[in-house]
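Down below is the structure, laid out as structure tokens.
The values are calculated or read from the model by the stated rules, or taken from the named source; none is laboratory data. This is a predicted model, so every value here is computed, not measured. Cβ placement follows ideal geometry from the backbone for every residue including glycine, while neighbour counts extend to all protein chains displayed.
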Amino acid sequence: MQFKNIIALFAILFLVASCERDTTQLPIATNYPTTPDVFLDGFSSGLKFDAWGKVTAFDVDYTVNYKGTASMKFEVPNANDPAGNFAGGVFYTSMPRDLSGYDALTFWAKATTITPMNASFGSYPESQAKFVTTFQVGMEVKLTTTWQKFIIPIPDPSKLNKERGMFSYSAGALSDGLGYTIWVDEVKFEKLGTLAHPKILISNASSWPTSSGFVGQTYNTNVVMSVNLPSGVFQEVNVPASYLTFTSSDSNVASVDEAGLVTVKGTGTANITANLGDISTTGKITLTKAVPMAPTPLQPAANVISLFSDAYPNVSIDTPKWDYVTNILNIFPISGNNIMSFSKFSYLPITFANMDASAMTHLHFDIYVVAPQITNQPVKLVLKDAVGGEKSITNSAGITTGSWKSLDIPLSNFGLSQKSALQFLIIAADPQSPKMTDLYLDNVYFYKN
């Protein structure tokens, strides 16, 4: 009898187990509130505010509003205000909200003058911490003295099923240094259903290599989405990587991680594709020649005053945008070594504060020309000392496209009477020769031979 009871018990357990639903295939309920309102005539439920810049800039205004009885007022301070020279802040909740049923954040705004303001959603105080995934999307809006409605499209609403960042803003003083007032009202998430023709584009793909480059060099993938608003205007917003998925057509040429960081792996061509739901866009990387690293400096550190090198401690320098400087300068790391990359090169001024180079005998730098095709080209150099004067020389450097050239120029060639208070160095193409437009520079330093 006992045996039969045991069999019956197992039968019941089997029947119950077989009737249970497979919950792994069901959508996960968030159980978070779907409250769309941020600020109508006051703070919505659970809304908090953290200020940036001048912390007293925000107030609720019960006399000026677009609709209802109140609006948010932001007093942007003067540029010289000791309490802060800009106004900004974030409105957020402690309890996340499920905003996946909406397709835009909308608000009305105006100011006492025509001025830009940055506005966004998806940011909250802890969102700036490392390893925190955020879905912040924002844009610059152009305020006037009359009320206007602004729409920030949500790239993929399904990502906002537990969102805390409701609204952020920032604004600075006018070009004349004066402050002004901004009013914002009717801030809420909406399901407009009228946002049409969404497209995405990798906006910086044109800066990716098309011929030569460094193996190990990394590039960000900056994606922009454009959406046709109900007004007929195409609105652009930057789309963070958290909304996207990325793939590479050839990971032996270039890989891409979940953050959209592209790493060059070798020669060849790779298509990097960004996907936003069922919308996609592609950028191309082509590496026909891998550029080697610059030669490793061999001078003892005790004999060097370094301006730009990872082999030595560097003095403080600046690369100012003087008249006729057309350079587009980027400094990027390759395996821990920083390199100066130039396009549209004209000349490079490097300034420093009355540097005593009395004991130094030579100037060194490494240069690699990418384009155009040149052979045995000289380079022009200018050196100025506060006491010893300013002198320029043209050095028969023998620079040729497609290979590193290490230059070691005796400082005596400049003919300075003193080198005790050097102020700047200029590296320029020889004006009598074809222009070097695209190039790399590394290991710029003075040394004692």
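Taking A397 as the residue in question, decide whether it is assigned by the TED database to the domain that holds K435, at pLDDT below 95 and either in a loop (DSSP other than H, G, I, E, B) or at negative phi (or both). First the steps, then the outcome.
On the way: assigned by the TED database to the domain that holds K435: yes; at pLDDT below 95: yes; either in a loop (DSSP other than H, G, I, E, B) or at negative phi (or both): yes.
Taking the combined requirement at face value, the residue satisfies it.
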Pull up the range 353-368, narrow it to residues that are modelled with pLDDT of 95 or more and not in a loop (DSSP other than H, G, I, E, B), then point me to the one that is surrounded by the most Cβ atoms within 10 Å (Cβ to Cβ).
F365
Hits in the range 51-80 - residues which are acidic (D, E) and at pLDDT below 95
none
With the structure loaded, tell me whether S175 is farther than 24 Å from D103 by Cα, modelled with pLDDT under 95 and in a helix (DSSP H, G or I) or whether it fails that test.
no
Given (1) in contact with a strand residue (DSSP E or B) (Cβ under 9 Å, 6 or more places away or on another chain); (2) modelled with pLDDT of 95 or more, F135 misses just (2)
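Against the condition assigned to a strand (DSSP E or B) and either outside the structural domain of V64 (by the TED database) or in contact (Cβ under 8 Å) with a residue 40 or more places away in the chain (or both), how does S120 come out, does it pass? Full working, then the answer.
On the way: assigned to a strand (DSSP E or B): yes; either outside the structural domain of V64 (by the TED database) or in contact (Cβ under 8 Å) with a residue 40 or more places away in the chain (or both): yes.
Spelling it out, S120 is indeed assigned to a strand (DSSP E or B) and either outside the structural domain of V64 (by the TED database) or in contact (Cβ under 8 Å) with a residue 40 or more places away in the chain (or both).
Looking at the range 425-440, which of its residues are among the small types (G, A, S) and either out of contact with any strand residue (DSSP E or B) (no Cβ under 9 Å at 6 or more places or on another chain) or more than 12 Å from S346 (Cβ to Cβ) (or both)? Give the steps one after another, and end with the answer.
First pass over the range 425-440, keeping only residues among the small types (G, A, S): 428-429, 433.
The answer is S433, and nothing else.
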With criteria (1) in contact (Cβ under 8 Å) with a residue 60 or more places away in the chain; (2) surrounded by fewer than 20 Cβ atoms within 10 Å (Cβ to Cβ); (3) within 24 Å of A259 (Cα to Cα), S158 comes up short on (1)
Looking only at strands (runs of 3 or more DSSP E) that fall completely inside the range 191-310, which ones have 2 or more residues that are under 19 Å from K159 (Cβ atoms) and either touching a Ser or Thr at 6+ places or on another chain (Cβ under 6 Å) or free of Cβ contacts under 8 Å to residues at least 12 places away in the same chain (or both)?
196-202, 268-276
